[in-house]
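Every number in this text was worked out from the coordinates using simple rules, so none of it is lab data. Remember, it's a predicted structure, so these values are computed and weren't measured experimentally. Here the Cβ positions follow ideal geometry from the backbone for every residue, glycine too, while neighbour counts run over all protein chains shown.
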Amino acid sequence: MESVYIHVPFCANICSYCDFPKVLHIDTFVEDYLEALRREIENSYDGERIKTIYIGGGTPSCLNHRERLKLLRIIEIFNRTPDCEYTIECNPEDITEELLDDIVSGGVNRISMGIESFDEENNRLLKRHINYEDIEHKIEMIRRRGISNINLDLMYAIPGEKMPTLKKDLSKLLKLNPTHISTYSLILEEHTKLNNDGAKYISEDLDYKMYQTICERLKKAGFVHYEVSNFALPGYESLHNLNYWNNGEYYGFGMGASGYKDGFRYENTKNLHEYIALHFRASENLMTHKEQMDNEIMLGLRKIEGINVDTFYEKYGQNIQDVYPVKELIKSGELVYKNGYLAIPINKIYVMNAILVKLI
């Protein structure tokens, strides 16, 4: 157990595509929520040395100074390693000198910013307010405070989007010199405004061409494509997310958070009032041996390097090819085996779900 995820569900503005547990920022709710969060952590945390902390949302950066300091003091409960990767998600509009003072003094050393797109029409659809010059200024502020590890999120395949728009977004994103880029093909989730408004997907062909363009452009810029949707300059891979993809256990605290501890996968309530009333868990399930192996496959094959077969045997006491039709899929070219790793070839990673269905 080396990782902690903390969910802050509050937002100043609700984006049209977001289906994460969230509510509008209301001061009285925030105070009660943070007190409940403190209680959950004190009740569940067993004192392990923590290597990665990730504060997500929602929009953690929408908390005011007093609320932010209270959150950071709560996180001091954790016994962190000296080199702990400590990430907070920030909306560019929220970044101020005061916010940076607070999080740097609290130990944050990595910032993840949801850019999504610089295009005016895309942002109108997404209900986002993005200004390139402002973001450029905010990133300069962040670097002056000594935080060099910066992730930027890029969304593509937005309804009505064309290839030239994506290419412009990529060029602007790279000019900002991030160390990490996460990319997301837009999914029209149930109960989101975009879905309710009847938005339509772009064609599958264009979606695939956009993905190829992203991979080629970022590789050319020196980024390592290390997971299906994630790219990093060498040495800047997300340690927190790698723990997920390695099927490692982790704490999840906060409304709607999920976690994996002692073989149990759990989900917290998505109801704010229930959470504040200290009714944290919505479900808790003990994974069978086979379910643990299935998760190892589904998560591990998201990594471009794939799954180390010796590590799989050490964890589960079984050869991977004895449990899954590996040889058949290697023969068909849907899997490759190289240097002790089983992986989906890069030219088929886009259709990995179809391959996983054949495996599991």
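When Lys and Arg each count +1 and Asp and Glu each count -1, what net charge do the other residues less than 13 Å away from V4, Cβ to Cβ, add up to? Walk me through the intermediate numbers first.
On the way: positive: R49, K51, R80, K261; negative: E2, E40, D46, E48, E76, E85, E249.
Value of the local net charge: -3.
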In nm, what is the difference between 0.36 nm times the number of residues separating E31 and Q292 and their Cα-Cα distance?
-> 90.2 nm
XL table K219/K303; K261/K315; K290/K358; K172/K219; K303/K348; K172/K220; Cα-Cα > 18 Å flagged, in table order, is none
Using the Cβ atoms and a cut-off under 10 Å, what net charge is assigned to the surroundings of L206, where Lys and Arg are +1 and Asp and Glu are -1?
-> -2
Find the centroid of the Cα atoms in the range 86-151 and in the range 27-62, then give the distance between the two in whole Å.
-> 21 Å
So what's the gap between the Cα centers of the range 152-183 and the range 324-355, to the nearest angstrom?
-> 28 Å
Only Lys, Arg (+1) and Asp, Glu (-1) charged, at Cβ; the chain dipole about Cα centre in debye | 900 debye
Among I75, G47, S229, pick out the residue whose Cα is farthest towards the positive end of the charge dipole of the range 3-244, where Lys and Arg carry +1 and Asp and Glu carry -1 on C-beta, about the Cα centre.
-> S229
Run down the aspartates and glutamates and flag those whose C-alpha is under 18 Å from the C-alpha of K168, throwing out any fewer than 8 positions away in its chain.
-> E116, D119, E120, E121, E133, D134, E136, D153, D207, E216
Here the averaged projected area of the chain, based on the convex hull of its alpha-carbon atoms and given in nm², is 17.9 nm²
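So in the chain, what percent of DSSP beta bridges are antiparallel if you round to the nearest 5?
Roughly 40 percent of the DSSP beta bridges within the chain come out antiparallel.
Let me know the charge dipole size of the range 253-297 about its Cα centre in debye, to the nearest 20, where only the beta-carbon of Lys, Arg (+1) and Asp, Glu (-1) is charged.
Values: 5 positive and 7 negative charges, 24 e Å.
Result for the range 253-297 is approximately 120 debye, rounded to the nearest 20.
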Env charge @ I53, Cβ radius under 13 Å, K,R +1 / D,E -1, value -2
